[in-house]
Amino acid sequence: MIRTIRNVGLTILAGTGLATAEPVTVAALGDSLTQGFGLAPENGFVPVLSRWLDRNGAEVTVINAGVSGDTTAGGLSRVAWTLTPEVDAMIVALGGNDLLRGIDPDVSRANLDGILKAADEADVPVLLVGLDAPSNYGADYEARFEAIFPDLAETHDALLYPSFLAPLTAESDMATALATLMQPDGIHPNAEGVTRIVEGIGPHVLELIARASDEGSGS
């Protein structure tokens, strides 16, 4: 009931009968890519995304729920307290550390499925962010991992953004991207890389915000 009342987001202005929509709150549940590892605070994914959304007319608060080193299991363990009554929508960007550790894709799938089930139960729409798996674990592993994201998005009627890092190589090859858009570790984007990532995912976050607003208004 509390969430329903809040998500309606209507404040009746005294003596006017007018109503205004409250800003949407989006939680970004992720790992170091979301948290902003190695960057000045203002250059991390969440602050840059927040500024992009503001420039594009969205009244939104983005909560940084990224934890450096987190796996899908870690995300599952903390999704319940991420989904507070104030949260209207959620970006789920996890799986990179599962890849680095070679975790069985079936385990990653089950964890992400649990996260999306928690969002379903809280009536919170989700933008699920995928990742491209490396080929060093073999073609079978690569195919099984990459299939997780479209499969779960369809199952849970979530929005899908296929690859978090894809914008880094949209206009250049991997070698150029590593040299110009990544930090020296070759894993985390630098400030310019984050800007490219946000420009790619931003329109999808706007779609998520619109979905949250539509569901909150009961339309």
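The values are calculated or read from the model by the stated rules, or taken from the named source; none is laboratory data. Bear in mind that the values here come from a model prediction, so they are computed numbers and not experimental data. Every residue, glycine among them, receives a Cβ derived from its backbone with ideal geometry; neighbour counts consider all protein chains shown. Areas reflect the complete protein model, heavy atoms only, side chains present, ligands, DNA and RNA absent. Shrake-Rupley method; radii C 1.70, N 1.55, O 1.52, S 1.80 Å.
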Quick one: Cα convex hull volume of region 60-129, Å³ per residue?
80 Å³
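On average, how much accessible surface per residue is there in the chain, in Å², for a 1.4 Å probe, leaving out ligands, DNA and RNA?
Working: 10360 Å² over 219 residues.
Accessible surface, normalised per residue, equals 47 Å².
Report, in debye and to the nearest 20, how large the dipole of region 159-213 comes out about its Cα centre when Lys and Arg carry +1 and Asp and Glu carry -1 on their Cβ.
Details: 2 positive and 6 negative charges, 40 e Å.
My answer is approximately 200 debye.
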Counting only complete DSSP H runs, which helices of the chain cover 30 Å or more along their long axis at the Cα atoms and score a mean Kyte-Doolittle of -1.0 or above?
191-216
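Rounding to the nearest 20 debye, state how big the charge dipole of the chain is about its Cα centre with +1 on each Lys and Arg Cβ and -1 on each Asp and Glu Cβ.
Details: 11 positive and 30 negative charges, 105 e Å.
Computed charge dipole of the chain: roughly 500 debye.
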For the chain, what relative contact order do you get, as a whole percent, if you take Cα pairs closer than 8 Å and at least 6 residues apart?
23 percent
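When the accessible area of region 43-105 is computed with all protein chains present and a 1.4 Å probe, what percentage of it is carbon and sulfur?
Working: 1370 of 2580 Å².
Exposed carbon and sulfur together represent 53 percent of the surface.
Quick check on the chain: helices-only [θ] at 222 nm, where DSSP H runs of length 4 and up contribute -39,500 (n - 2.57) each and the sum goes over total residues. Nearest 500, please. Walk me through the numbers on the way to the answer.
On the way: 9 runs with 106 residues, N = 219.
Helices in the chain give a 222 nm mean residue ellipticity of -15000 deg cm²/dmol.
Counting only protein heavy atoms, what percent of the accessible surface of region 111-219 is carbon or sulfur at a 1.4 Å probe?
Values: 2630 of 5070 Å².
That fraction is 52 percent.
Taking the Cα centre of region 38-127 as origin, work out the dipole magnitude from +1 charges on Lys and Arg Cβ and -1 charges on Asp and Glu Cβ, in debye rounded to 20.
Numbers: 6 positive and 13 negative charges, 58 e Å.
For this selection, approximately 280 debye.
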Amide H of THR25 versus every other amide H placed in the peptide plane: which residues, excluding those fewer than 5 positions away on the same chain, fall under 5 Å?
THR61, ASP88, ALA89
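With contacts defined as alpha carbon pairs under 8 Å and 6 or more residues apart, what's the relative contact order of region 54-135 in percent? Working shown, then result.
Working: 64 pairs, mean separation 31.2, N = 82.
RCO, region 54-135: 38 percent.
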Using Cα pairs under 8 angstrom and six or more residues apart, how large is the relative contact order of region 118-169, in percent?
45 percent
Dividing the convex hull volume of the Cα atoms of region 76-219 by its residue count, what figure in Å³ per residue is obtained?
124 Å³
